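The values are calculated or read from the model by the stated rules, or taken from the named source; none is laboratory data. Remember, it's a predicted structure, so these values are computed and weren't measured experimentally. Cβ coordinates were reconstructed from backbone atoms using ideal geometry, including for glycine residues, and neighbour counts include every protein chain displayed.
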Amino acid sequence: MMPTVQTMWKSWLIVGTLVLICAVIALRTGGVPRINQALASGGGLFLSVLPNLILGFLFAGFLHVLLPTELVSAWMGHESGLKGLLVGTLAGIFTPGGPFTHFPILASFLSRGAGVGPVCAYISAWSLLGLHRIVVWELPLLGPQIALARILSSLAIPPLIGWLSAWLYSLFRHPV
């Protein structure tokens, strides 16, 4: 279930078109110096995230090699049910890091037999309930009462999103 060139070309086309539109606007509003400024800014951002990208993809590669398909399928597979949704949710809550780490890992999980539901529960839990963000940002800045109210009200959301995502994905794959 790893993305292929055949599935990614649409995304590349959309982003490439947006880049070209922005380049034309930059050229018209500031000429070549503005294009150079945009290229320098984008290049600087790329270099700043490059270590995360490299580490994230290397980690995903090692997980792909080291995690047995049977283990991933048993805990997070299509047939893992509520257990898979809860494992995905807990993994999303307790795994620190940004998208450069998580999405390659999740692609590796998918290639090893993880189901769409547990993977979507993971993404949702990481976004809503990431422990590292709660401890570093939410508790100190908003206080324990607000943090606890938000956390408790959000706990059911990742498994629900995982279940709904799996259901919708099966509809997309096998339309009635």
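Tabulated data for the structure shown
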item	result
Long-range neighbours under 6 Å by Cβ, at least six apart or interchain, first residue touching a residue at least 40 places away in the same chain (Cβ under 8 Å) and part of a helix (DSSP H, G or I) within segment 12-38, second surrounded by fewer than 10 Cβ atoms within 10 Å (Cβ to Cβ) and among the small types (Gly, Ala, Ser)	none
Yes/no for Val119 being touching a Gly at 6+ places or on another chain (Cβ under 7 Å) and of a type in the set (Val, Ile, Thr)	yes
So Leu58, is it over 18 Å from the mean Cα position of the chain (by Cα), in a helix (DSSP H, G or I) and of a type in the set (A, V, I, L, M, F, W, C)	no
Enumeration of residues in segment 50-83 that are under 18 Å from Ala121 (Cα atoms), surrounded by 16 or more Cβ atoms within 10 Å (Cβ to Cβ) and of a type in the set (Gly, Ala, Ser)	Ser73, Gly77, Ser80
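Each row is one residue, and each column tells you yes or no for (1) among the aliphatic types (A, V, I, L, M); (2) modelled with pLDDT of 95 or more.
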site	(1), (2)
Gly61	no, no
Val72	yes, no
Gly97	no, no
Leu106	yes, no
Phe109	no, no
Tyr122	no, yes
Ile146	yes, yes
Ser153	no, yes
Leu160	yes, yes
